[in-house]
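Structure first, then comments.
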Amino acid sequence: RYSEAERQFARLVDSQPDDDYAHVGLGLAYARQGLHREAAEHLALAVAMRPDRADYVRSLEQVRATIRAQPAPRQPLA
């Protein structure tokens, strides 16, 4: 039900862009769906708002590590 959570948290982010928990929820929903770059954006915003939250920082670090571990996209041959 991650796509449903994504929709709900996206609505929250739209209506309350300064809500750190909404950004974390949206970021985690994206991450669970394999959308790591989208997740990193929202988790980074949450960490910027609440750098004291170790769980936010850990989630962002995990998503960024996943992005770094992914193979680079293939370039089309000319």
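The values are calculated or read from the model by the stated rules, or taken from the named source; none is laboratory data. Keep in mind that what you see is a predicted model, and the values were worked out from it rather than measured. Don't worry about glycine lacking a Cβ; one is built from the backbone with ideal geometry, like all the others, and counts go over all protein chains shown. We work out accessible area using only protein heavy atoms, side chains counted, and drop any ligands, DNA or RNA first. Shrake-Rupley method; radii C 1.70, N 1.55, O 1.52, S 1.80 Å.
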accessible surface per residue for the chain, probe 1.4 Å, DNA/RNA/ligands not counted, whole Å² -> 71 Å²
I need the trypsin sites (Lys or Arg not before Pro) found in the stretch 23-57, filtered to DSSP loop residues with at most 16 other beta carbons within 10 Å of theirs. 53
What length, rounded to one decimal in nm, is gained on full extension from residue 15 through to residue 52, with 0.36 nm per residue of separation minus their alpha-carbon distance? 10.9 nm
How large is ³J(HN,Hα), in whole Hz, for each residue of the stretch 2-14 in order, when computed from phi with the Karplus curve 6.51 cos²θ - 1.76 cosθ + 1.60 and θ = phi - 60°, using x for Gly and Pro? 5, 5, 5, 4, 4, 4, 5, 5, 4, 4, 4, 4, 5
Please arrange 20, 55, 14 by accessible surface area, largest first, computed with a 1.4 Å probe and ligands excluded. 14, 55, 20
Heavy-atom accessible area with a 1.4 angstrom probe orders 6, 38, most exposed first, as 38, 6
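Given the DSSP H assignment, sum -39500 (n - 2.57) over each helix run of at least 4 residues in the chain and divide by its residue total; what's the result at 222 nm in deg cm²/dmol, nearest 500?
Dividing the helical sum by the residues of the chain leaves -23500 deg cm²/dmol.
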Can you work out ³J(HN,Hα) from phi for every residue in the stretch 34-48, in order, using Karplus 6.51 cos²θ - 1.76 cosθ + 1.60 and θ = phi - 60°, giving whole Hz and x for Gly and Pro? x, 9, 5, 5, 5, 4, 4, 4, 6, 5, 5, 4, 4, 5, 4
